[in-house]
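Student: The structure follows.
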Amino acid sequence: MRGRTGVFVGQFVFTAVCCSAGPFFLAVGWAAWHEGERWGLAVGAGGAVVTVLIPVMAAVATRRLHPRVTRGDHVRNGRTDRYADDTFVMWAPKSAPGPAGAHLVRADVLEASLVRYSPDGEATFTTHYGDYAPDEFTPVVGMRLRLHTDTEREVTGEWRVPSLCLSAVTAGRLAVLVDPAGDGDGGVTVHWPRSALLAGTRTCRVIDLDGRVTDVTRRTGRQLAQMRISREAGGVVMVGDTIDLRRLDERTAARYGAVAERARAHPEDRAPVTEPGEEARLLVDELPGEEGGFGHVGRGWARRGGHLVRARFLEMRGRTTFQDHGPVLDTVLRVQPADGSRPFDAALRLTVPMNYLALLNHTREAVLQVSPNGRSYDVDWTRTNLLAGVTTATVIAPDAREVRLPPRSDALWPLMNLLATHGLSNPGPVLDLRRRRTGAVAGAVLDVLRERGLTPAERRT
């Protein structure tokens, strides 16, 4: 992971080259004024303004390219105090309303593959106005769907998937509108915000008329019934991830209440985090974003007290700014300090890699690098993507035997901390204990693996 200082130096050099006229006119103006030319003062003043702007513009660009959580980012107005640790609120782009006579049903994703994603931004920031999900930054995914209609059938087609909703494809559950008069995939409209809800990516709670709170996340039958009522009513407002029946009109609240009564009389099991056959629809290898790895350790960072902590995304809100490898989102992170002190929430604007977004149904965790003074936190996407399962980690024992860690293995976090504590960089996902520099931690690494029931495979001959 490139350090913040390196990013600032690069941006400073780039800005200085682009604004090189500033120092030039400053020098010319100073020389002219020194020679008694009155116009030299005006020219020099203009050059001075441009010169002063160079570090300011470099700092602004660094903040965008390398966002950092500081005390100024802490959420202090209490707007997230009501959020439980397992809450995740997503503000996704709106979907097409679909035909008036269409039926809202569940569709299972049997297969998926990336068809097209080719923006021309060259990793720079691109902002669009009036278009929340521009086509050039919305991947096209080919899918084979099984529709749960009166007569179950399969359709195949290509659909644009907003980056924030890619995890619904991974989970394998979509909310779709089926037009009885349509033919083939032309009669199927995927409603992406509702799909993220049905997939369990976005959490959902309902407050009954008597004030009772019920978590309905991944209760797909109840959620579909609620979605149909909401669609017929013209929409129901979710405050965060909560629907409060006390705020609805009497008729809609009564219909929601009837659904709740049926659910209590006939309890529904939670749907799985992902439907069977995920390997046929997992897009992380096809989507842009950083490869996962055990991470880079800066010189002196660990020695001076730098360390890693975990955080969890509570909110993600879409914006109209994009980079090639992911959208720029307004996020809220709940940070768990390493010393066990009370967690705090921080609001941060981040470019979130698309391959990470595709796994939001599995995890919303992030890894942060803490500065030696403990005052700032940097999101480490290399370690975050390894922890999320974007990349599979492998440990090679000193005798050349291999341990392939399962995705999201609980061994990853202690291994990352072990390497960081010893000041060992390992940017990739393969930790080779045969190398001399890893010899000091080889025994401790193998102990971590043994404690979690992971043993090296027999050496290949």
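The values are calculated or read from the model by the stated rules, or taken from the named source; none is laboratory data. Computed from a predicted model, the values in this text were never measured in an experiment. Methodologically, a virtual Cβ is constructed for each residue, glycine included, from the backbone with ideal geometry; neighbour enumeration extends over all protein chains shown.
Student: Just one of the numbered conditions (1) surrounded by 23 or more Cβ atoms within 10 Å (Cβ to Cβ); (2) closer than 15 Å to H74 by Cβ; (3) of a type in the set (A, V, I, L, M) is not true of A388; which one?
Tutor: Condition (2) is where A388 drops out.
Student: Quick one: V17 ticks every box in (1) at pLDDT 75 or above; (2) outside any helix (DSSP H, G or I) except a single one, so which number is it?
Tutor: Of (1) at pLDDT 75 or above; (2) outside any helix (DSSP H, G or I), only one is false for V17: (2).
Student: Right, here's the next one. What's the number of the only condition in (1) within 24 Å of the chain's Cα centre (by Cα); (2) at pLDDT below 85; (3) not in a helix (DSSP H, G or I) that M90 fails to meet?
Tutor: For M90, the failing item is (2).
Student: So which residues in region 406-461 are small (G, A, S), surrounded by 13 or more Cβ atoms within 10 Å (Cβ to Cβ) and part of a loop (DSSP other than H, G, I, E, B)?
Tutor: First, pick out the residues of region 406-461 that are small (G, A, S): 409, 411, 420, 423, 425, 428, 439-440, 442-444, 453, 457.
Cutting the leftovers down to surrounded by 13 or more Cβ atoms within 10 Å (Cβ to Cβ) gives us 409, 411, 420, 423, 425, 428, 442, 444.
Residues satisfying the conditions are S409, A411, G423, S425, G428.
Student: Mind counting the residues in region 386-436 that are within 24 Å of the chain's Cα centre (by Cα) and of a type in the set (D, E, K, R)?
Tutor: 2
Student: Right, another one. Restricting region 197-219 to residues that are in a loop (DSSP other than H, G, I, E, B) and among the charged types (D, E, K, R), which is nearest to the chain's Cα centre (by Cα)?
Tutor: The initial filter retains those residues of region 197-219 that are in a loop (DSSP other than H, G, I, E, B), namely 200-204, 208-212, 216-219.
Of the ones still in play, those that are also among the charged types (D, E, K, R) are 202, 208, 210, 212, 218-219.
Numbers: R202: 12, D208: 31, D210: 36, R212: 31, R218: 20, R219: 24 Å.
Ranking the candidates gives R202 first.
Student: Please state which of the following conditions G36 fails to meet, knowing it meets all the rest: (1) outside any helix (DSSP H, G or I); (2) surrounded by fewer than 17 Cβ atoms within 10 Å (Cβ to Cβ); (3) modelled with pLDDT under 75.
Tutor: For G36, the exception is condition (3).
Student: Right, next: Can you list residue pairs whose Cβ atoms sit under 6 Å apart, with the first residue in region 343-366 being within 25 Å of T70 (Cβ to Cβ) and the second being among the hydroxyl-bearing types (S, T, Y) and surrounded by fewer than 22 Cβ atoms within 10 Å (Cβ to Cβ)? Count only pairs 6 or more apart in sequence or on different chains.
Tutor: Correct list of pairs: D345/T80; L348/T331; L350/T331.
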